[in-house]
Amino acid sequence: MGILHDDVVLIRQPEKEGDPTVITVNCPDKTGLGCDLCRIILFFGLSIVRGDFEKQVMDVSTDGKWCYIVLWVIGKPTTRWNLLKKRLMGACPSCSSASGIFFYRAELQSPKPPAVFLLKLCSYDRKGLLHDVTRVLCELELTIKKVKVSTTPDGKVMDLLFVTDTRELLHTKKRQEDTCEQLKGIMGDSMISCDIEMVGPEIAACSLASSSLPSAITEDMFRLEMPEELPSGSLTTNRVSVTMDNSLSPSHTLVQIVCQDHKGLLYDIMRTLKDYNIQISYGRFSTKQSGNCEIDLFIMQADGKKIVDPSKQNSLSSRLQMELLQPLRVTIVSRGPDTELLVANPVELSGNGRPLVFHDITLALKMLNVCIFSAEIGRHVIGDREWEVYRVLLDEGDGLPLPRSKIEEGAWKMLMGWK
């Protein structure tokens, strides 16, 4: 059975202004497909307000299970829909052709790690500069893997950004020149120099290594399963309800979730199920006017059986609750006499981090009129899990314009999409 190349992903724009855009994905299934699609949609800054998932076992000619996904999303005037379609198609099993008919098949090889480039940016300092740079890089589909920002006494800033290129073109002179021109356009006369160079695997591995975390950070902050009581002062969403029922289907476990909506909610659910190697056969997601979401998922284990072991049920339920209460960890800590904003999120077992975190951190601080003295992104293995940790040292030259708790709360609300 074949499917035309352009029909794998269909995007239908709304007839009325304000209505959601409908994205339809119709392709063979693969482990974690829903997670990968939701991650791309989150990267493009879109909000999913409704979703339907269905998986069917087709005949032998389809090579297994077929997936049909419909997502209703709220876009922005600047959304590049054609590029979004291209990225969504890239997440589906790869394209081949036979007799001129395009069809999709499973990947035979794992993709090689992307090349890492060092972007060295020197400029005069001003408020909001780092966010403006981050926004341009996001628009160019350059992913920041690590950043080191330092401010000199004479008011200059040196940004060292280790990036990868989704388009895999940053090794070309044209792509490098376009990148520097885009940065010049947003920075204006404050830019002094812009240089881009590819770094070798050894240098990349060394450069991406992370410094140790502050002693004030404990493993309790990085819990993945729901504790009996959250640490005092923890920033969380409202109460999350997760229930499981094995009585409605002979082969599936029904998972029902009711929780407060937040940015990337469906991605957080999908990445958790992907990490547990759980397959979704049918699902429905909807948001209510109250700001709550209701999700029904019929799931099975990798062996095709429902989840009957109480310990496995409790483990998955506890993990889902924790991921929805605290999809990110946000706190303010002291770094000697200085103040540091620390944000952390769990990395998928596949190695992917959460999109747009640094973008939202810098935007929140810009809106709060808080200046950044230095910043660093790194990965740390804490317990048995890898975390992406963002450390931002705040500029307190004239004192902070807000109490620490207000800065922490402002960053949290921006990351959760509540402002």
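Comparing 304, 89, 133 along the charge dipole axis of the chain, the residue lying farthest to the positive side is 89, per the Cβ-charge model. Across the chain, Cα pairs under 8 Å and at least six residues apart give a relative contact order of 16 percent. Reachable lysines from residue 413, Cα under 17 Å, same-chain residues fewer than 8 places away excluded? In chain and number order, the partners are 263, 366. Can you pick out the pairs among 127/156; 30/65; 274/419 whose Cα atoms lie more than 19 Å from each other? Violating the 19 Å Cα-Cα cut-off are 274/419.
Counting each DSSP H run of 4 or more residues in the chain as -39500 (n - 2.57), what helix-only mean residue ellipticity at 222 nm follows after dividing by all residues, to the nearest 500 deg cm²/dmol? Write out the running numbers ahead of the final one.
Details: 9 runs with 105 residues, N = 419.
Value at 222 nm, helices only: -7500 deg cm²/dmol.
Spacing of the modelled spin labels on residue 167 and residue 7, each 7 Å from Cα toward Cβ, amounts to 3.1 nm.
For the chain, with only Lys/Arg (+1) and Asp/Glu (-1) charged at the beta-carbon, what is the dipole magnitude about the Cα centre, in debye rounded to 20? Intermediate values should be presented prior to the final figure.
On the way: 49 positive and 54 negative charges, 95 e Å.
For the chain, the charge dipole is close to 460 debye.
Solvent-accessible area per residue in segment 289-418 equals 39 Å², computed with a 1.4 angstrom probe and all protein chains kept. For residue 405, the accessible area of its heavy atoms, probed at 1.4 Å with every protein chain present, is near 80 square angstrom. Label-to-label distance, residue 49 versus residue 15, with points set 7 angstrom from Cα along the beta-carbon direction: 1.6 nm. Rounded to 0.05, the FRET efficiency of the residue 81 and residue 398 pair, given R0 = 51 Å and the Cβ-Cβ distance, is 0.70. Measuring between their Cα centroids, segment 312-359 and segment 13-49 lie 23 Å from each other.
The values are calculated or read from the model by the stated rules, or taken from the named source; none is laboratory data. Treat the numbers as computed from the prediction; the structure is a model and nothing was measured. Neighbour counts run over all protein chains shown; Cβ positions are idealised from the backbone, glycine included. These accessible areas exclude ligands, DNA and RNA; they are computed on the full protein's heavy atoms, side chains included. Shrake-Rupley method; radii C 1.70, N 1.55, O 1.52, S 1.80 Å.
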